[in-house]
Amino acid sequence: MADIFYTKDHEWIKVDNGEGVVGITAYASEQLGDIVFVELPQKGMSFDQGKDVAVIESVKAASEIYTPATGEILEINSSLEERPEVVNNDPLGSGWLYKMRVLKPEELKSLMSEEDYNKLIGAKS
Amino acid sequence: MSELLNENIYVEKTSLFDFHNKMNAKMVSFGGYYLPINYAGGIISEHKHTRSKASIFDVSHMGQIEINGPFVMEAMEKILPISFSKVLPGKIKYTQFINSEGRIIDDLMIHRTNNENSVWLVVNAACKEKDMRHLKKNLNKNFTINLRDDLSLIALQGPKSELALSRVIPCISSMEFMSSIWVNYKNYKVLISRCGYTGEDGFEISIPNKNVTSFTEILLKNPEVKLAGLGARDSLRLEAGLCLYGHDISQEITPLEAGLKWSLDKERLNNADFIGGYAIKDELINGSKRNLLGFLPKGRAPAREGTLIYDSQDNLIGEVTSGGFSPSLSIPISMGYINSSLLDQKEVFLDVRGKKIPTEVVRLPFLSHNYFKKVN
């Protein structure tokens, strides 16, 4: 069973066996509106937690994606190159952004649980 | 600090504010007003609906100004580079307020009415006060200048606009593009202008504030008509290559640089007998410093306002003033200025987050206009 964590910047990371899948939340995708372009990091690159690693462009504006955990990019969702709207349609599923090796699992404690995240966005709407 | 200042800025509501909320609009502040950026459908679907059918936009933030007085047209010609002798009564002209340096104070629509002593202006929201000052400074006390904030303004835009509006007000079918009429509707009067800011056929309708919600609801009963917000308005005007004040045109930019020479009356320009006339005539003889062009960056990344433009030798040659994703063409499009000495470049490079994107230079508009042409 994978654990899912959330950031205050509306990214999620699903961690299973030291590997994480990262995406943006349904709330974020809703707030951004129609997504028209996704710029993803290159496979093999490493980033510290909180570093901007990707950019999602909606019709309205460009938004940076901050990686929820320190680690190495293992795979990117290259289907988003042609079909960025998948992030709107299925942000928690096929609209994932990248997979990473989680190098500092203790960092995950600084992230939010689903319940805490729902409280955060509940307070906003 | 800046946040503290922002709290003190008063943001106004249009008369449709409660209606927008009821219709689940996502509201933003724009030009000093709360307005919908989009409704539930989202910007792309609102954009495409406008191109194929018809959409209603709340543009009540814009300034509607009525000027009355003897020989008002003559007086306005001293301020504007237009010739009323070539504008028939009931017709509308696109023009600009220009300062003595030949730069744009605001762009606007001016209506020649059926009353010789009255003209009607529609100006940009953020420029209202500046425009009023400019008018008061340059018109003598014989004229009354009235900002008609008792009226709301909605735009109905798209190829089905005439069909939809004529079901409510049948007489609009015979209207020419860039003309306007006052019409009695129920127990009030509306000013209907056949013009817009999307590149499509359409109308702008001035309605008393207290009647605007019911009128909008009646228009919405047409099966072709939906609501659209500022997001779609921006992508529609960008595809149509239309300038947005404060972005593509400003007090830094001249009408010639912005490709608006078509809107200046040739004879007036030759006589240079309006504010800024000499500066523009001079620019016409000596050439402009920069010119507004269209850009098609390769790939899918939008190149937005502020993106720098380089030539193939990596020299900085210009800057993007509006840019985004074109819902109709499904590609990124931008407009911006290039130094005029380098105008013959076919390919330039746009710097998007440090990547120099090869970009084709094109003429505006990106999408040809679909304005109404009367067939006799």
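Each reported figure results from applying straightforward, stated rules to the coordinates on display, with no laboratory input. In this text the structure is predicted, and so the values were computed from the model without any measurement. With ideal geometry, Cβ positions are generated from the backbone for all residues, glycine too; neighbour counts draw on all protein chains shown.
Things to note:
- Sparsely packed loop sites in the stretch B:45-110 (the trypsin sites (Lys or Arg not before Pro) outside DSSP H, G, I, E and B with at most 13 other Cβ atoms within 10 Å) comprise B:K78.
- Whole-Hz Karplus values for the stretch B:315-320 come out as 8, 5, 10, x, 8, 6 Hz, taken residue by residue from phi with 6.51 cos²θ - 1.76 cosθ + 1.60 and θ = phi - 60°; glycine and proline positions read x.
- Each residue, B:D150 and B:S173, gets one label point 7 Å from its Cα in the Cβ direction; the gap between the two is 3.3 nm.
- The relative contact order of the stretch B:64-191, computed from alpha carbon pairs under 8 Å that lie at least 6 residues apart in sequence, is 28 percent.
- Ranked by the mean number of other Cβ atoms within 10 Å of their residues, highest first, the peptides B:65-72, A:17-24, A:106-113 come out as A:17-24, B:65-72, A:106-113.
- Full-extension gain in nm, B:K78 to B:E267, via 0.36 nm per residue minus C-alpha separation: 66.7 nm
- Along the axis of the charge dipole computed for the protein assembly as shown (Cβ charges of +1 for Lys and Arg, -1 for Asp and Glu, origin at the Cα centre), the listed residues B:L316, A:I121, B:A272 are led at the positive end by B:A272.
- For B:S179, distant residues with modelled amide H under 5 Å away: B:I92, B:R194
- For B:D106, the residues whose amide H sits under 5 Å from its own are B:F97, ignoring neighbours fewer than 5 places away on the same chain, with H placed 1.01 Å from N.
- Most mobile listed residue (B:P170, B:P89, B:P358) in chain B, GNM with C-alpha springs under 10 Å: B:P170
- Label-point separation, A:S110 to B:N286 (7 Å along Cα→Cβ), nm: 5.8 nm
- Candidates B:H61, B:H49, B:H134: whichever shows maximal mean-square fluctuation once chain B is modelled as a Gaussian network with Cα springs under 10 Å: B:H134
- Entries in B:K22/B:K210; B:K78/B:K281; B:K22/B:K91 that, when Cα-Cα distance is taken, lie over 27 Å: B:K22/B:K91
- The stretch B:330-373 shape via C-alpha gyration tensor axes, a/c threshold 1.5: oblate
- Peptide A:57-64 - average C-beta neighbours from other chains (10 Å radius): 6
- Shape class of chain B from the alpha-carbon gyration tensor: oblate, with a/c at 1.5 or above and b/c at least as large as a/b.
- P(r) tail fraction, chain A - alpha-carbon pairs more than 25 Å apart, %: 17 percent
- Each of B:K373 and B:S29 was given a label point 7 Å from its Cα along the Cα-to-Cβ line. The distance between the two points is 4.6 nm.
- Check: the stretch B:74-125 dipole with +1 on Lys, Arg Cβ and -1 on Asp, Glu Cβ, in debye: 180 debye
- Dividing the summed helix terms, -39500 (n - 2.57) for each DSSP H run of n ≥ 4, by the number of residues in the protein assembly as shown produces a 222 nm estimate of -5500 deg cm²/dmol to the nearest 500.
- Once backbone amide H atoms are built at 1.01 Å from N, B:G241 has B:F366, B:L367 as its partners under 5 Å, excluding neighbours fewer than 5 places away on the same chain.
- Residue-by-residue Karplus 3J(HN,Hα) for the stretch A:47-60, coefficients 6.51, -1.76, 1.60, Hz, glycine and proline x: 9, 7, 3, x, 7, 6, 10, 8, 10, 10, 10, 9, 4, 6
- Average Cα contact separation per residue, the stretch B:170-327, under 8 Å, 6 or more apart, as relative contact order %: 14 percent
- Residue of B:I357, B:I105, B:I218 that the Gaussian network model of chain B assigns the largest fluctuation, springs spanning Cα pairs under 10 Å: B:I218
- Normalised contact order of the stretch A:3-124, rounded percent, pairs of Cα under 8 Å and 6 or more residues apart: 31 percent
- Each residue of the stretch B:229-239 is assigned a 3J(HN,Hα), and the resulting list reads x, 5, x, 5, 4, 6, 5, 5, 6, 5, 4 Hz, derived from the Karplus form 6.51 cos²θ - 1.76 cosθ + 1.60 (θ = phi - 60°), x at Gly and Pro.
- Pairs beyond 29 Å (Cα-Cα), from B:K26/B:K137; A:K51/B:K13; A:K119/B:K226; B:K221/B:K373; A:K104/B:K356; B:K26/B:K186: B:K26/B:K137; A:K51/B:K13; A:K119/B:K226; A:K104/B:K356; B:K26/B:K186
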